[in-house]
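The values are calculated or read from the model by the stated rules, or taken from the named source; none is laboratory data. Note that the structure is a prediction, hence the values are computed from the model and not measured. Counting neighbours? That spans all protein chains shown, and the Cβs are built from the backbone with ideal geometry, glycine included.
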Amino acid sequence: MPEQKVIGKINIEHYPLESNDMQRIILETVNEFVFSDFQDNNYPFHYLYEADIQAHLACKISQRIKNQIIFSVLPDKDKKYSLTPITREYPLGMRHDIVCINPFKLQQYVNWKLEEGKPFKFSQIMWELPLLVGIEIKYSLFGYTLHINESGNDDRNKLIRYKNGSGENSNYHEERNTKIERSDESKLFTEQFKHLSIMFFQDKDWFNDHRSELKNETFLLKKESPIRDAKTIEYDGVYMVGPDKQVFSYNVEN
């Protein structure tokens, strides 16, 4: 692929699904993975590493979201490039574990990002496209006592930082492209973004100890417990997933 081109325009073929349908399919797949694949699949050694969980879940989502995004660069309109929307360790500078690139914001984004008639490199856009869904995963292995109130909160804050940026009224794309004038349009790149933070536990004893620790700590402080039984995984939440069909939501406000 030639790295540098002079463009008249980049065209992106529209995605056949609606954004809410894509988000629904991804959430259904996450729930299936949590309550079936992880908890029923020869627990606890089917997944030895966090990367194994990431790879399996990303593969399952890719099988459900099969359509590719097609880029064509004008005036060379016969030359087209395909992009799979489900990927990992994305975008550049933030690297969420699993993401779905947002096909519905891409045309708007490249028009904002690139000046017509000017040279550009594919590397200037392809690794920082707008996202529809972001998922962060932690895996507490045998012998490692990860805490949901630390790791889970950190992951959730990282996901929120993508959407809202580190400053007031900004987002990831504005902060990555400081030379481009901010506009109301640029605020829209992350408006559809949904996220999940999930911590899986390999060690049943540590999962139960950690759960009891959270409950006892809040009881002593006379605060409401931050964990609740969860029958389903929902967007914008933080979750603890253990053995024996045990799943808890974690309220970060407590």
> Lys223 versus (1) loosely packed, with under 15 Cβ neighbours inside 10 Å; (2) modelled with pLDDT of 80 or more: which is the lone unmet condition?
Replying inline: (2)
> Within the range 47-75, restricting attention to residues that are modelled with pLDDT under 90 and exposed (fewer than 13 other Cβ atoms within 10 Å of the Cβ), which residue is farthest from the chain's Cα centre (by Cα)?
Replying inline: Pro75
> In the range 126-166, what residues are β-branched (Val, Ile, Thr), under 25 Å from Phe45 (Cα atoms) and part of a helix (DSSP H, G or I)?
Replying inline: Ile148
> For the range 80-115, what are the residues that are of a type in the set (Asp, Glu), assigned to a strand (DSSP E or B) and either at pLDDT below 95 or surrounded by fewer than 15 Cβ atoms within 10 Å (Cβ to Cβ) (or both)?
Replying inline: Glu89
>> Exactly one of these conditions fails for Ser183: (1) modelled with pLDDT under 75; (2) surrounded by 15 or more Cβ atoms within 10 Å (Cβ to Cβ). Give me its number.
In response: (2)
> Out of all the residues in the range 28-46, is one or more hydroxyl-bearing (Ser, Thr, Tyr), surrounded by 19 or more Cβ atoms within 10 Å (Cβ to Cβ) and in contact (Cβ under 8 Å) with a residue 60 or more places away in the chain?
Replying inline: no
>> Name the single residue that is farthest from the chain's Cα centre (by Cα) among those in the range 127-164 being surrounded by 15 or more Cβ atoms within 10 Å (Cβ to Cβ) and of a type in the set (Ser, Thr, Tyr).
In response: Ser140
>> So, in the range 226-254, exactly how many residues are among the hydrophobic types (A, V, I, L, M, F, W, C) and at pLDDT below 85?
In response: 2
>> For the range 1-27: of the residues being assigned to a helix (DSSP H, G or I) and buried (at least 17 other Cβ atoms within 10 Å of the Cβ), which is modelled with the lowest pLDDT?
In response: Ser19
